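Undergrad: Here you go, one structure.
The values are calculated or read from the model by the stated rules, or taken from the named source; none is laboratory data. Every value quoted in this text rests on a predicted model; they were computed, and no experiment measured them. For neighbour counting, all protein chains shown are included, and Cβ atoms are generated from backbone atoms with ideal geometry for every residue, glycine included. All accessible areas refer to the heavy atoms of the entire protein, side chains included, with ligands and DNA or RNA removed. Shrake-Rupley method; radii C 1.70, N 1.55, O 1.52, S 1.80 Å.
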Amino acid sequence: MTALLLWKQKIKEFYGEYDTWILPVLKFFLSLLLFTEINKTMGFMDRLNNTFVVLVLSLLCSVLPVNTMTVIGCLLILGHCYAVGIETAGFAFVLLLLLVILFLRFTSRDNVALVMTPLAFTLKLPAVVPISCGLLRGPACAVPAGCGVVLYTFMKLVKERAAVLQGTETEALQKLQILLDGMIKNQEMWLTIIVFAAVIIVVHLIRSSSFDYSWRIGIVTGAVVYVVLMVFGSMFMSISMELNAIIISGILSVLIGLVIEFFVLGVDYSRSEVTQFEDDEYVYYVKAVPKSMVSETKKSVKKFSPTTEHKKEVQEINEMPKTVDLSEAGQMEELDISDVAPVEHVSEEDFDFEKKLEESLKNL
């Protein structure tokens with residue numbers, strides 16, 4: 001455990017020193033992954049489904065706020081929908097406009113949740129999103145997470161119905177009706193949104209409590225709630241879902257949640273203290289839990305190089321007579337100092353003048 005704490009401390013120190021460079025790199029890779037997945041899921045417009053275009057857009061997002069990533073992602077979705085048909089592009093524009101208005105109305109600061117939700121579904125780890133939002137943010141983060149679920153469902157719908165939407169035999173109203181029914185009557189989407197909101201609320205309430213290991217209990221509880229609600233909800237709504245994928249997603253979300261807890265919180269509950277104090281108006285009951293921190297000891301060796309004056313003093317000490325006269329209480333007596341060992345001549349690198357001088361004076 002000590003090695004992990006030292007490793008964590010080194011990572012935090014490295015991030016604190018080079019955060020100016022680390023944040024753009026992280027935003028670059030996040031936007032690169034997001035745009036690549038959008039092109040992989042839809043990919044109807046060849047001009048946008050290009051590696052060079054994705055790299056340029058990712059570089060642009062690396063130096064701009066996270067909101068830019070969301071806007072460019074929505075524009076990519078709109079461009080691919082335009083390649084499918086003007087009706088699909090119009091429906092996508094209205095849908096994205098409603099989502100943006102809803103998103104900016106409540107939680108415009110939680111753009112990462114909106115971006116990470118489609119990526120989590122692509123990586124088959126949807127349970128990570130609500131658990132992470134409950135740990136790091138709060139119940140309001142359910143809005144961007146739900147918007148991400150809607151965006152991912154819409155991309156899947158366009159990909160599955162692309163043959164019908166691109167056909168010239170289908171009328172414009174029929175295309176719009178297909179898209180509208182595919183979104184409104186999609187019970188799996190609504191079930192996922194409800195489960196996400198429930199898990200975020202449960203995890204946030206538990207991790208905000210003051211009892212020991214509240215974060216870990218919240219992580220495990222959130223994973224269990226996700227699996228149970230998804231399984232029983234799919235059975236109740238007659239939705240076909242892969243049970244193994246849901247359970248694996250819940251287990252992996254627990255592991256990722258524990259990693260988040262280690263880096264973000266990382267406290268030692270064995271040394272927790274409860275104290276009480278008061279002022280003129282209130283009585284305060286405070287529980288203090290120290291963080292688990294280990295400082296790496298740094299050893300420094302300082303070499304001493306003697307000067308010319310120090311060499312002369314050592315030479316004088318070595319040339320002192322074997323007997324000296326000391327006066328004590330008005331009487332003279334002779335003291336034999338033959339046992340005093342002369343100072344040895346050593347090299348300048350290994351010589352410690354202060355130590356040798358103190359030993360000689362003590363013997364005298």
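Undergrad: Below 8 Å between Cα atoms, with a sequence gap of 6+, how large is the relative contact order for the stretch 42-169 in percent? Write down the numbers at each step before the final one.
TA: Numbers: 99 pairs, mean separation 34.1, N = 128.
Contact order relative to length: 27 percent.
Undergrad: Going 7 Å from the Cα of VAL274 toward and past its Cβ, which residues in the stretch 193-234 have a backbone nitrogen under 12 Å from where you end up?
TA: 210-212
Undergrad: How many percent of Cα pairs in the stretch 1-153 exceed 23 Å?
TA: Working: 5052 of 11628 pairs.
It works out to 43 percent of all Cα pairs.
Undergrad: Now a separate question. What spacing in nm lies between the two simple spin-label points modelled at LEU180 and LYS287, each 7 Å away from Cα in the Cβ direction?
TA: 5.3
Undergrad: Taking a threshold of 22 Å on the Cα-Cα distance, which of the pairs LYS8/LYS291; LYS12/LYS291; LYS10/LYS124; LYS40/LYS159; LYS124/LYS159; LYS27/LYS159 fall above it? Please list the in-between numbers first.
TA: Values: LYS8/LYS291 12 Å; LYS12/LYS291 14 Å; LYS10/LYS124 31 Å; LYS40/LYS159 10 Å; LYS124/LYS159 18 Å; LYS27/LYS159 27 Å.
Long pairs (Cα-Cα over 22 Å): LYS10/LYS124; LYS27/LYS159.
Undergrad: By accessible area of protein heavy atoms, probe 1.4 Å, what ranking do LYS27, LYS362, LYS8, LYS355 get, highest first?
TA: Details: LYS27 45, LYS362 165, LYS8 10, LYS355 120 Å².
Per-residue accessible area, sorted high to low, gives LYS362, LYS355, LYS27, LYS8.
Undergrad: Quick one: which of 54-60, 69-75, 220-226, 243-249 comes out on top by average Cβ neighbours within 10 Å, and what's the full order, highest first? Intermediate values should be presented prior to the final figure.
TA: Working: 54-60: 16.7, 69-75: 19.7, 220-226: 21.9, 243-249: 14.9.
Taking the mean over residues of other Cβ atoms within 10 Å, the ranking is 220-226, 69-75, 54-60, 243-249.
Undergrad: Can you give the net charge of the other residues whose Cβ lies under 13 Å from the Cβ of MET241, counting K and R as +1 and D and E as -1? Before the final figure, lay out the partial values.
TA: Values: positive: LYS124; negative: GLU188, GLU242.
Here the charged neighbours net out to -1.
Undergrad: Is the stretch 54-140 rounded, prolate or oblate when judged by the Cα gyration tensor, a ≥ b ≥ c being the square roots of its eigenvalues, rounded requiring a/c under 1.5 and prolate requiring a/b larger than b/c?
TA: Working: a/c = 1.63, a/b = 1.44, b/c = 1.13.
The shape class here is prolate.
Undergrad: Hey, another quick one. Do any trypsin sites (Lys or Arg not before Pro) in the stretch 219-299 lie in a loop, going by DSSP, with at most 16 other beta-carbon atoms within 10 Å of their beta carbon, and if so which? Mind showing how you got there, number by number?
TA: Details: sites: ARG271, LYS287, LYS291, LYS298, LYS299; in loops: LYS298, LYS299.
Qualifying residues, ordered by number: LYS298, LYS299.
Undergrad: Report, by chain and number, residues whose modeled amide H sits under 5 Å from the one on VAL267, excluding near sequence neighbours (fewer than 5 apart, same chain).
TA: The list, which skips near neighbours in sequence, is SER292.
Undergrad: Tell me the accessible surface of THR51 in square angstrom (1.4 angstrom probe, heavy atoms of protein chains only), to the nearest ten.
TA: 100
Undergrad: Now for a different question. How many percent of all Cα-Cα pairs in the stretch 213-300 sit more than 20 Å apart? Kindly include the intermediate steps, with their values, before the conclusion.
TA: On the way: 2291 of 3828 pairs.
Percent of Cα pairs beyond 20 Å in the stretch 213-300: 60.
Undergrad: On to the next question. Under the Karplus relation 6.51 cos²θ - 1.76 cosθ + 1.60, θ = phi - 60°, what is the ordered set of whole-Hz ³J(HN,Hα) values for the stretch 114-129, x standing for Gly and Pro?
TA: In residue order, the calculated couplings are 5, 6, 6, 5, x, 5, 5, 5, 5, 7, 6, 10, x, 5, 5, 5 Hz.
Undergrad: From the phi angles alone, apply the Karplus equation (6.51, -1.76, 1.60; θ = phi - 60°) to the stretch 149-154 and give each ³J(HN,Hα) in whole Hz, x where the residue is Gly or Pro.
TA: Couplings: 5, 5, 5, 5, 5, 5 Hz.
Undergrad: I'd like the FRET efficiency for VAL224 and ALA3, computed as 1/(1 + (r/R0)^6) with the beta carbon distance as r and R0 of 35 Å, rounded to 0.05. Each step should come with its number before you reach the end.
TA: Values: r = 31 Å, r/R0 = 0.89.
The value I calculate is 0.65.
Undergrad: Still on this structure: What three numbers, in Å, describe the spread of the alpha carbons of the stretch 247-287 along their principal axes, ordered from the longest?
TA: 54, 21, 15
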